[in-house]
Amino acid sequence: MIEQTMSVSVPRQGAGPSPPAQPGGSDGSYGAPGPPVRADRRRFLILAVVFVCAACGLVYELELVALASYLIGDSVTQASVVLSLMVFAMGIGSLLAKRLRCRAAVGFALLEAALALFGGCSALVLYASFVWTGEPRFALVGFSLAIGMLIGAEIPLLMTLIQRVSRQDAGGAVADLFAADYVGALVGGLAFPFLLLPWLGQLTGALVTGGVNVLAGGALVLWVFGRDLTRRSRCLLLTVNIVVLSVLATATVLVDDFERAARRAVYGEGVRVAVHTDVQEVVLTGGRRGPLDLYLDGRLRVSGRDEFRYHEALVHPAMRGPHRRVLIMGGGDGLVAREVLRYADVSSVTVVELDPGVVKLARTDPALSALNGHAFRDPRVHPVYADVFTWLRGIRHPAYDVIIADLPNPGITASTKLYSEEFYGLTGRVLAPGGRLAVHAGSLTSQRREFWTVDATLHAAGFRTSPYLATARRSGFTAGPDRARDGTPAVSDWGFELAARS
């Protein structure tokens, strides 16, 4: 999406039609008339391409934001960096486009080919830089600037082209172009999360978007303005578009092999399961000859080496007291349920998990199912697939003796609402009199600020708390931050809060 203004040359009222281009003109024209397409149809085709290119441009932006949040974390920071750099670069691109206005048609086609190549391959290169160098930030900044400059150069060239085929006044032309641009951005913004990600994934989705981009730009120039170009210009554009399409097509064919190689580089040779659910990427390693590891969106959530230390510390202090009805928030891997089911007098366990794919894996994968003691086979366990915040709003009466919050780390931006005063207020509303709430609050060593913020928030929501600590015996398990690249643990302890209504 482009937000900028520009000066446009408009014929004076009463002026005669522009003289035909002479040989050797601004686009290398022969002076031949335009293609046998009516002016209003040519104008419509230009606006249609504006629509498509705007959709593609926004997909590139969202792709960078999403992948950077996944690889680096802190989605607010990554979104701010990508969008601010792109907007800045768009202004630079708009200024640089002035030099191309004399060859607007050829310039626009080459620009779209470059944008398709950079945008389409950006996810692959960003992912590769994370996997093999461990530092994707330089690639993120470079692609944000490059794609922003190319997007910023589009509208000045399109304004020149639409003025060439239509004698529309400058205000009307700007309104039409920006209307098509904004609507295209809307479509691209909606297509990214609802179509591209679920159906194609991040890497393939970006490559397919690049293919659409280069086809739209090349087709417009070669069809609508093709007869105005020299043979050399037409050959150049055809060659460049074919090369870009070939690169994108080849990358699309090889993307599965690339992802497998990247997973091996990140997770080691023991990757057994790697699936993209509707919510996240789920990876299982080991479990046959070595300890099982479960990764969610690249973050190590379960390590068979010492997961029991975390889950025992989270569950058992809260079970000291009435515990017939237990609510587990998160815990789709079944490991919290395993500890709860050790108490024979537990009558009902409700597991509210956002991702059905994790529960399915916990049921069906032999290693993970064995690790959780086949918890989901127990008739007392009732999984519910929902956003736990929304689900709590639908419950009006105290129902649970024990509530255990096995949720994403409080340091992850996406989980912020699950550590808010409002969330704890909803939780307290469904806690039976005398009931207990256990919360994983992050590492007391490496996330001291987050830990005590959780404690203060619980107090503000009307709970009294008892903070406590469990230490990690060995490397591996961490409920939240990424594992260090050298395999050392990201945290050496886990902090918990045991809370009850004041």
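Just so it is clear, none of the values below were taken in a lab; they were calculated from the coordinates. None of these values were measured; they are calculated from a predicted model. Cβ: placed from backbone, ideal geometry, glycine included. Neighbour counts: every protein chain shown.
Given a cut-off of under 8 Å on Cα pairs at least six residues apart, what relative contact order in percent is computed for the range 273-362?
22
If you work out P(r) over Cα pairs in 10 Å bins from 0, in percent from the coordinates, which of (i) 4, 20, 31, 27, 13, 4, 1, 0, 0; (ii) 4, 17, 25, 19, 12, 7, 6, 5, 4, 2, 0; (iii) 4, 17, 23, 18, 14, 11, 8, 4, 1, 0 do you get?
Correct label is (iii).
Please go through the range 273-324 and write out the trypsin sites (Lys or Arg not before Pro) that DSSP classes as loop and that have at most 11 other C-beta atoms within 10 Å.
R288, R289, R320
If you take every residue apart from L335 with its C-beta less than 11 Å away from the C-beta of L335, what net charge results, scoring Lys and Arg +1 and Asp and Glu -1?
Once positives and negatives cancel, what remains is -3.
Between I412 and residues 5 or more places away or on another chain, which pairs have amide H atoms under 5 Å apart, with H built 1.01 Å from N, and which residues are they?
none
Would you mind getting the Kirkwood hydrodynamic radius of the range 104-251 from its Cα pairs, rounded to one decimal in Å?
One over the average 1/r among Cα pairs gives 16.6 Å for the range 104-251.
How far apart, in nm, are two points set 7 Å out from the Cα along the Cα-to-Cβ line at R363 and at S347?
Simple spin-label model gives 2.6 nm for this pair.
Between D169 and W199, what is the label-point separation in nm under the 7 Å Cα-to-beta-carbon projection?
Going from the W199 label point to the D169 one covers 4.2 nm.
Test of the criteria: in the range 362-418, which trypsin sites (Lys or Arg not before Pro) are in a DSSP loop and have at most 11 other Cβ atoms within 10 angstrom of their Cβ?
Sparse-neighbourhood loop trypsin sites (Lys or Arg not before Pro): R396.
Filter the DSSP H helices in the chain by two things, a Kyte-Doolittle mean of at least -1.0 and an axial alpha-carbon span of 20 angstrom or more, and list the hits by number.
Sorted by number, the helices that extend far enough and score high enough are 39-72, 75-96, 104-133, 137-152, 170-191, 197-224, 231-267.
Tell me, what is the percent relative contact order of the chain, built from C-alpha pairs under 8 Å that lie six or more residues apart?
Rounded, it is 14 percent for the chain.
To check you understand DSSP bridge types, tell me what percent of the beta bridges within the range 281-501 (both residues inside) are antiparallel, rounded to 5.
Looking only at bridges with both residues in the range 281-501, the antiparallel portion is about 50 percent.
Report the semi-axes of the equivalent ellipsoid for the range 281-501 in whole Å, largest first, where each axis is √(5λ) for an eigenvalue λ of the Cα gyration tensor.
For the range 281-501, the ellipsoid semi-axes come out as 25, 21, 15 Å.
What is the distance in Å between the Cα centres of the range 113-185 and the range 239-299?
If we compute the Cα centre of each part, the gap is 27 Å.
Calculated from DSSP H runs of 4 or more alone, at -39500 (n - 2.57) each and per residue, what is the 222 nm mean residue ellipticity of the chain, nearest 500?
Value at 222 nm, helices only, nearest 500: -17500 deg cm²/dmol.
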